[in-house]
Each structure stands twice: as C-alpha cells, then as structure tokens.
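Throughout, read-outs are computed from the coordinates displayed, never taken from laboratory work. From a predicted model like this one, the values you see are computed outputs, not experimental measurements. Glycine also receives a Cβ, built like all others from the backbone with ideal geometry; neighbour counts cover every protein chain displayed.
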Amino acid sequence: MGLNLTQKIIKSHLLSGEMKTQNQISIRIAQTLTQDATGTMAYLQFEALGVPRVKTELSVSYVDHNTLQEDFKNPDDHEFLRTIAAKHGIVFSRPGNGICHQVHLERFGKPGKTLLGSDSHTPTGGGIGMLAIGAGGLDVAMAMAGSPYTLKMPGVVKVVLTGELPPWVAAKDIILEVLRRDTVKGGVGFVYEYSGPALKNLTVPERATITNMGAELGATSSVFPSDDVTLNFLKAQGREKDWIRLEPDTDAVYERELYIDLSKLEPMAACPHMPDQVKTIRELEGLEVQQVAIGSCTNSSFVDIARVACILDGKQVSPNLSLGISPGSRQVLMNIAEKGYYQKLVKAGARILECTCGPCIGQGFAPPTAGVSVRTFNRNFEKRSGTPDAKLYLVSPEVAAVAAIAGKFTDPRKFGEYPKVQMPEKFSIDDSMIIYPNADGSKVEIKRGPNIAPLPLGTPMPSELKGETLIVTGDNITTDHIMPAGKYLPLRSNVPEYAKHVFEGVDKEFPARAKKVGGGFIIGGENYGQGSSREHAALCPMYLGVKAVIVKSFARIHLANLVNFGILPLTFKNPDDYSKISLGDQLSIDVSNLKGNVTVKNITKNQGYEVSHPLSDRDIEIIKAGGQLSYEKMKSCA
C-alpha cells in the first residue's frame, strides 16, 4: 500500500508512534516561525527552558501584527524580538518586511519539510509542499529547544480538482467551496491533500490561498504536491536549489475523497459571521458596501495585487466607500511598483497600507458603524475588525475590486474582459530587511521594555477541582471571543493586563467574577476555541484561576493550548448535559484518577454529568504538573 503526501512527509520526520489515524505520534520540526503578537510570549517561554541556541534547521521571527506604534509598547516588543533573535540564533524579519506566511513562502519554505508556527495560518506553507502546522507559542518554543512536536496522526482527505477556473473565478472560490461543503469544524483531525489534473494551472500563490484558508476548516493542515509549478515559483525566487519533487504514490489511500469541478464554480463570498456561511455573489448582488480591504496572508501576492490594479486601471473607487490595500510583503510592494501597478492603484483612489496583517486583526482600517466590509481575508468573526457591529464578507481580490468600483456587490462576470496577469519569471528580490544572527550571540543584551511582564506559571493540580461556573457559552466560540485582538494586541507580553479583557465581547464581568471567586469553570458548546492559535486564550484564563473547560467539542489548537497551561479539557458524554449547568453553579471534579471515569458534580443542583477527555498519559502528567513549563522544570529537577 502506497503513501499519500502527508504520510510521506510525516514518515521522514517521525520520531515515535505508529502512523495510524488518531494514534499519538511525535515528529521532528525542521522550521519554525513566530509573529510578534504571539512571538513575545513564545520567546519568554523559550528563555525559561534555558536553551542557549535554537536547535531547528531554521527559525524565523516576524514582525507583522503589532506595527502601529501608538506608544512605547509595540516598538519595545520589536526591540525585544530583535535582540532575542540575535542572541539565540533566530532569523529576524523586520517590521515592514511583510506578513510571515507570505514572506516564508517567498524566501524560506522548502518542499518536504515540517514547519510549526505560532499562528493558525501557518498551513499556508502547504502551498509549496510543506507539512505546515499552526500551534500555540509554547509548542513552538519547545520545538525551537529541540523537543519533538506531539500530535494525533491526522486522517487525510483527498481533494481532487478537475476542470479549469472560468474567468473571474479564483482560488479563493475553491476554498470557499470546500468550506461550504465541510464547514468550520468538518476538518478537525484531518489534513486536506490536493490533487487532480487542475493542479497544473494553479500557481503557488493560488495554492497558498487555499492552504491558508484551510485553517478555517479546523484542519491540522492542507498540502499540495511539489511539482513543476513549485519549481517554477522557486526559480522565480532564486531558490531552485530548495526544490524536490514530492507527490503521493499512485496507490495511496485516503480516509475520504472530495471532488470539485473548477469549471462549475462561480464567484462566492463567506457571509457574516463565519467563513463557512457561503453564498454566490449573484445572491448578494446589489448589497451596498461601505469598505473594501484587499490583502492579508490569504490574498496579498504579486498576482493578486497586480490583477486588482488592472481592474481599477482608468476607473475610480466609489465615493461611497474606502479601499485599503495591504501588499503581503516588501517584495510584492517593490514588484508592483517596478511594473507600474502601484501607480494604477493610487490613481484609482486606493489607500496603500503597510505590508502587514493590519485590518485583518483589527489593527487599523476599521469599517464604519454597521458597515458592510468586503475583505479578501480568511476570517470574518464578529467584532474582529475593530467595529463591533460591522458585517464582514470574505471574497476574492477580483470580487473586491469590482465592489470597490461599483460601491456594491456586483457579479464580476458582468464587468468585462478578465485581466490576465502572469507570474514573473524572476521576482525582484531584496532581503535587506531580513537580519541573520551571528554564530555567537552570547554577548547580546536582550532589551526588555516595561510592558514585558514576568512569565506566569501554573501550579500543580490538586486531587479535586472545586469552583463556580464562571460562564456558559454557545457553539463556535472563537479565540477572538475569548481574547479580543485589535487594540489589545500590545498587551500580549503583559498577561496580568491582558487578562483583564478575557471574554470582554461576550461577558465583560468575567475577569472580575473569576478574580472575586478565585477561579472556576468554563462551560461551552461545539467547536470551542476555533480560530487563531493565540495561546493567551488559555494562558489568561489560567492566570484568572480557570481550572477546567467543559464543552461539547474542542478545536484542535486550543485543546493543545489548554493542556500546555494546565487547564483540564473535558467533553460531555451526553451533549444534553451542557444545558443543565447554569452560571454560578458550584461544581466539583475528582481528578485523582484521570485514566478512569470522570464525573462532574453539580453541587448546586445535586446532579452529576459523565465527561471524557482526549488526553494521553503524557498530557495528564503535564496538566497535573500545572502546564508544560512546570512539567519541564519538574523533569529537570528529577
């Protein structure tokens, strides 16, 4: 029996475990990436491990989230990241160099390698044939220190692409179709592996759009083969030496298969407030738009921005809206400027923003009150944009550009001839904003601003957990719900301050309530913790004394983060029991034997609920120690 592409990459990095679906395995991580919103905490954790130099083949620290410098906090963090990178052997991508996923694809990604990143959209690297996985910052810190990454062996979904995309239909529409079919929780526990005759017509940036937004499926990752298309992209980047051919065996086996005929797709949009709420543009035709934002790690490549420039050429942005464009990298910005596309954008009335995540994470360019914002991004969660009542739609760059001109949703197929933009045979390359570390960083002094607080550690778990029900949430609670981003991102390196905003958009009283009663329990529905990899959604609740989270089901990365910070993740055996617990109920859980049956006792209502957990023996040890860092310290003292 042959191996699929995912199995081939895992096999070449496998350290322990059997490659059987849902078996626990450990793999060697070749590359890591961090971004500044998660990186400050990841590097504080790396420091706590006491390892002088990273042990990966390559680790890169990017600054792409917190670039608005309203006060000292963000620039202080940038200095911390720069100096800690120099000290510990990490490549540093300076503010302004671009979004981590776009830059990594351009300059560092290698087919066949494993990549672990402290950002949920790390699977972008699958567009170049990597097994790229998003994780919490602590998992990335452990990988940089040389520890294996432990996960459950994913199942693999084969996505067979046939036909050819019609004019005005884009790669974004392919992943929107997958989301329409499989939903935001349908990919949990799987890698989506793309194949079929249509691959030859999809460029690496188009493939990366698909793998990037595959994170919204809840999937472990998404991956494309490394073929001649990949080779051409790497040649254009001057990196053909990094190419290897990597394809599945002809007799490879998959858990299931998904067939998509590209010729039958049409322009689509994900409607508020979930990426799987997909409608055709025909259904939205005529809906007035107040803002258009083009960019993010999903759709900010050279071809994306150049095609938008061609659509806008000789026309004007509607006076009823504002258009902001964020090129994905400095390389993209330089190339569109050199080839004349930049001038077309400016003449049309577009506002050119920094080469950063920016509006996607609520850092500037917020929509107006109750405004409809058409975005080429990957997430449209409620309040994520910085405007609580804005309505966010996710579309391709082509749909966004036409909406910017028309001032309303318009089927782009009515617009005229589809502009064709070719991938350059050779990109103009300037890596001067990338700083490589010296061979010896021992004498580098790490700069720490006053906003960088000491790293909080968990305490060992007692044999019985007691406390109050602090909140009862619904389904699809995202990490944005738990830990809001936007204006609070500068607090990422200051947990005591950031913890004051836990669940702010859901229940503003949560932090004060948790502090008053000494912590307690969170009750939730399906797919709890979906979205961003931000470990603060576990770290800050841990700081507030949350002992366990009891839900119907968890999102993958958040589940791992709860374990890393010593919070017990439990799931209801009977989902109906979820509705029996109320805010303020006193709960008790005997955790002396987590390998046996576990019961949650509701002391207030004199009820009991059977629960289960997905924890391995190692996970149980970590939780009982108070989290991963406490566990490592215990091991080193043993």
field: Point-charge dipole on Cβ atoms (K/R +1, D/E -1) for segment 296-441, about Cα centre, debye to 20
entry: 580
field: For peptides 167-177, 623-633, sequence by mean Cβ density within 10 Å, most packed first
entry: 167-177, 623-633
task: Putting +1 on Lys and Arg Cβ atoms and -1 on Asp and Glu Cβ atoms, find which of Ile434, Gly218, Pro275 reaches farthest to the positive end of the dipole of the chain.
output: Ile434
message: Using Cα-Cα distances under 8 Å and only pairs 6 or more residues apart, what relative contact order does the chain have, in percent?
response: 14
field: Inter-probe distance in nm under a simple model that places probes 7 Å from Cα toward Cβ, at Ser582 and Lys447
entry: 5.6
message: Run the helix sum for the chain: -39,500 (n - 2.57) per DSSP H stretch of 4+ residues, divided by residue count, reported at 222 nm to the nearest 500 deg cm²/dmol.
response: -8000 deg cm²/dmol
- prompt: Using r as the Cβ-Cβ distance of Ser16 and Thr604, and R0 as 30 Å, what FRET efficiency do you calculate, to the nearest 0.05?
  reply: 0.10
statement: Given a Förster distance of 60 Å, the FRET efficiency implied by the Cβ-Cβ spacing of Thr369 and Ser592, rounded to the nearest 0.05, works out to 0.70
DSSP-defined beta bridges in the chain - what % are antiparallel, rounded to 5: 35
- prompt: How big is segment 5-264 in terms of Cα radius of gyration and Dmax, in angstroms?
  reply: 18.2, 58
Among Pro205, Gln31, Ala406 - extreme Cα towards positive end, dipole of the chain, charges at beta-carbon: Gln31
field: Inter-centroid distance (Cα atoms) of segment 262-330 relative to segment 505-583, Å
entry: 35
query: When DSSP beta bridges are limited to those with both residues in segment 464-625, what percentage is antiparallel, rounded to the nearest 5?
result: 50
query: Going by average Cβ neighbours within 10 Å, how do the peptides 422-431, 506-515, 187-196 rank, with the highest at the top?
result: 187-196, 506-515, 422-431
message: Rounded to the nearest 20 debye, what is the charge dipole size of the chain about its Cα centre when +1 sits on each Lys and Arg Cβ and -1 on each Asp and Glu Cβ?
response: 580
task: Estimate the FRET efficiency between Gln69 and Val346 by the formula 1/(1 + (r/R0)^6), using the beta-carbon distance for r and 35 Å for R0, to the nearest 0.05.
output: 0.90
statement: Under 5 Å from the placed amide H of Val546, counting only residues 5+ away or on other chains, we find Gly520
field: segment 1-122 - percent relative contact order, Cα under 8 Å, separation 6 or more
entry: 30
- line: Computed about the Cα centre, the charge dipole of segment 464-514 from +1 Lys/Arg and -1 Asp/Glu charges at the Cβ has a magnitude in debye, to the nearest 20, of 220
message: Suppose we keep just the alpha-carbon trace of segment 403-478; what are its Rg and Dmax in angstrom?
response: 27.6, 69
- prompt: Count the lysine pairs in segment 464-625 that are 8 or more places apart or on different chains: how many have C-alpha atoms under 17 angstrom apart?
  reply: 24
- request: Calculate the length of the line joining the C-alpha centroid of segment 1-48 to that of segment 223-251, in whole Å.
  value: 21
query: Between Tyr192 and residues 5 or more places away or on another chain, which pairs have amide H atoms under 5 Å apart, with H built 1.01 Å from N, and which residues are they?
result: Val157, Ser221, Ser222, Val223
query: If you stretched the chain out fully between Asp440 and Leu258, how much longer would it get, using 0.36 nm times the residue separation minus the C-alpha to C-alpha distance?
result: 60.5 nm
statement: For segment 157-270, the count of lysine pairs 8 or more apart or interchain whose alpha-carbon atoms are under 24 Å apart comes to 10
field: Alpha-carbon centroids, segment 141-215 and segment 374-416: separation in whole Å
entry: 22
- request: Kindly rank 411-421, 367-377, 114-124 from highest to lowest mean number of other beta carbons found within 10 Å of each residue.
  value: 114-124, 367-377, 411-421
